[in-house]
1. How many angstrom lie between the C-alpha centres of segment 495-520 and segment 188-264?
2. Considering only Cα-Cα distances, which of the following residue pairs are longer than 29 Å: K353/K468; K445/K490; K48/K503; K445/K468; K387/K662?
3. Would you order R509, R432 from fewest to most other beta-carbon atoms within 10 Å of each residue's own beta-carbon?
4. Under a crude label model (7 Å from the Cα following the beta-carbon direction), how far is R432 from Q11 in nanometres?
5. Gain in length, L43 to A245, computed as 0.36 nm per residue apart minus the alpha-carbon separation, to one decimal in nm?
6. So what's the Cα pair-distance distribution over segment 71-229, bin width 5 Å, in %?
7. May I ask for the angle, rounded to the nearest 10°, between helix 240-249 and the longest principal axis of the chain, with both axes built from Cα atoms and the value confined to 0 to 90°?
8. Sorted from largest to smallest, which semi-axis lengths in Å does the alpha carbon gyration tensor of segment 295-404 give for its equivalent ellipsoid, taking the root of 5 times each eigenvalue?
Amino acid sequence: MVMTPTAKELQRYAELVDEISRHDAAYYTLARPTVSDYDYDQLYRELKDFEEKYPAQRAPGSPTLRVGAAPLTEFRQVAHRQRMESLDNTYNFAELGEFFTRAQKLLDGHAVTYVVEPKIDGVAVSARYERGALTLGLTRGDGRIGDDITENLKTIRQLPLTLTGAPEVLEVRGEVFMTHAGFARLNAEREEQGLELFANARNATAGTLKLLDSREVARRPLTVVLYGVGEVSGSGFASQTEMLARLQALGFNIPEWHQVATDGAGVLAAIHALDARREKFAYPTDGAVVKVNEFAARAELGSTAKSPRWAIAYKFAPEQAETRLTAVTFQVGRTGVITPVAELETVQLSGTKVSRATLHNADEIARKDIREGDVVVIEKAGEIIPKVVGVVLTKRSPSAVPFDFAARLAELGLDAGREPGEAVWRLRQPSREQQVRALAHFASKQCLDIDNLGPAVAEALINAGYVKTPGDLFALRHEQLILLDKLADKSADNLLAGIAAAKQRELWRLVHALGIPNIGAQTARDLARHFGGLDALADATYESYFRKKTGKKGQALKAADNVVAGVGAVVAESLLVWFTDPAHRALLEQLRAAGVNFNAAADRDRPLPLAGKIFVITGTLSRPRPWFEEQILALGGAVSGSVGKKTTHLLAGADAGGKLEKARQLNIPVLDEEAFANAYLKTI
């Protein structure tokens with residue numbers, strides 16, 4: 001039976017869509033929040049409740065569309081209504097002067113003004129709105145045809161889904177990018193998951209926009225800035241400055257800085273001002289874009305076969321330095337991924353001392369023919385980690401020999417290989433360091449929470465030969481432990497007690513402890529709640545993670561719905577590969593024989609009252625802070641170390657200090673220990 005909302009419910013729903021959209025614009029575009037995170041969450045929950053009850057009524061501009069849609073099988077290619085041109089680039093002021101000369105000649109000396117904007121190092125896109133609704137998003141492609149990435153663009157909160165007061169047709173153009181902080185966070189997550197790191201923010205952005213699963217895109221820190229238009233119905237705009245002001249009024253994120261100049265000298269001054277300022281921007285910039293301001297003059301100037309004659313990009317030369325590469329060392333991630341690192345003679349670069357730089361992978365070393373002892377050029381160029389650009393061949397020693405990646409691995413005793421088509425090398429068998437990290441992870445607070453088993457004890461256990469896999473922990477004896485330097489008699493008893501208690505931990509903790517690539521604590525919780533037991537998870541097939549969709553006539557469709565929240569194709573593949581490894585199957589049997597809990601049936605349907613909530617804990621409490629953190633995590637919440645715009649609650653004990661004051665300033669609900677226990681702990 002299809003349920004129909006009342007007129008009052010429809011009116012309230014429309015109010016919610018409008019109010020939440022305004023709050024989103026204030027927070028994500030203007031960086032001026034107009035409501036507390038707690039109040040925002042209440043509105044969002046009310047909106048979701050309505051849409052779950054009346055799914056047919058979901059509005060085209062609903063904020064819930066930001067979470068992404070079902071995965072695509074391929075991107076549809078769509079022709080641009082107006083060609084998306086790319087700009088000519090220059091690195092010197094002489095060529096910039098030639099640009100002004102050509103423009104003045106074509107305009108017969110008519111006076112024009114120029115606008116200088118930052119050139120953001122991202123991926124060019126267009127977004128088309130019809131009657132105020134976002135209907136199409138495209139990549140530039142070859143300028144004439146682009147990929148339809150509409151669902152991916154919808155996940156970016158700085159991009160409005162609906163407009164009020166816009167022309168009948170409005171196509172806006174701009175750049176999708178990642179901030180420095182967002183890119184660093186993404187790479188940190190990938191390192192934790194054992195994945196290859198992105199070389200720079202632009203590569204990460206381009207790779208993200210190519211993902212067929214927009215739900216995965218929604219998890220990545222993309223943002224967008226709009227600075228141009230394509231097709232516009234009606235009279236359009238008279239100038240760049242007018243257009244930017246109008247786009248901002250419509251709710252678009254425009255460049256945070258631009259400057260108008262009346263001549264070439266003014267443009268050069270603006271470029272110097274931008275160069276001095278750009279290090280303070282939160283995102284990568286690699287130049288300045290110079291545009292003729294007046295649209296009538298642009299029409300008169302026209303375009304070449306590839307580029308407009310009314311605009312040019314002046315590229316800043318990246319700051320570089322020469323230094324000597326003394327050695328190539330390897331870093332081994334927790335999941336066995338091997339990353340080569342250049343050890344350098346310390347050099348000053350972009351205001352910091354640099355003694356190490358990434359070499360990315362074996363292919364990069366071979367392509368650039370980087371050899372130990374070479375004098376190399378390094379640069380940052382907007383990247384978080386310095387990179388080796390190339391080798392100064394004129395300064396190469398005759399004794400320098402090509403770097404043999406495989407031979408160095410063998411020399412270090414690392415048994416590693418790489419799958420066909422992969423750039424990364426990965427250990428076939430865990431190294432001692434990897435064993436230590438895996439064991440410490442297995443015993444950590446976020447996993448099986450085994451007291452007295454930190455990295456030092458883990459290393460001692462492995463060095464003594466007592467533990468090769470985490471399953472060996474459960475066979476340890478007191479007389480073995482007291483032989484270790486790290487453990488006294490009482491400490492040995494405590495460790496054994498912790499290991500015994502770990503057998504009865506919740507299933508999600510065990511799933512997280514196994515160290516499966518791409519599986520964090522929250523995904524482990526979702527998997528445990530869905531499958532209810534480790535055997536069911538271990539025996540899952542690809543079809544277990546995706547529900548086939550059928551058309552109106554019952555025919556199978558190519559798209560599929562995720563069965564488990566947060567588990568897309570990449571995560572599903574990681575799970576399937578891990579559980580089919582014979583060594584991992586042997587570990588599971590070892591854990592089963594030891595009596596480790598494999599069952600989560602009792603927790604499958606337990607409500608999570610703190611889902612979506614972010615707590616900060618401060619002050620003196622009756623129990624250690626990690627205990628409260630665990631209670632919050634068990635109820636579906638998250639814990640942050642500092643009070644910010646996204647904080648939903650502050651749990652405050654005695655002597656709370658500055659965090660309490662900041663929470664009050666931001667109108668964040670404050671709970672003391674008793675209020676927290678009464679509100680939430682009784683639900684456990």
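No value in this document is a laboratory result; all are computed from the given coordinates. As the structure is a prediction and not an experimental result, all values here were calculated from the model. Note: ideal-geometry Cβ built from the backbone for every residue, glycine included; neighbour counts use all protein chains shown.
1. Result: 41 Å between the Cα centres.
2. K353/K468; K48/K503; K387/K662
3. R432, R509
4. 7.5 nm
5. Result: 69.7 nm gained on full extension.
6. 2, 8, 15, 18, 17, 14, 11, 8, 5, 2, 1, 0, 0
7. The angle comes out at about 40 degrees.
8. Taking √(5λ) for each Cα gyration eigenvalue gives 37, 17, 15 Å.
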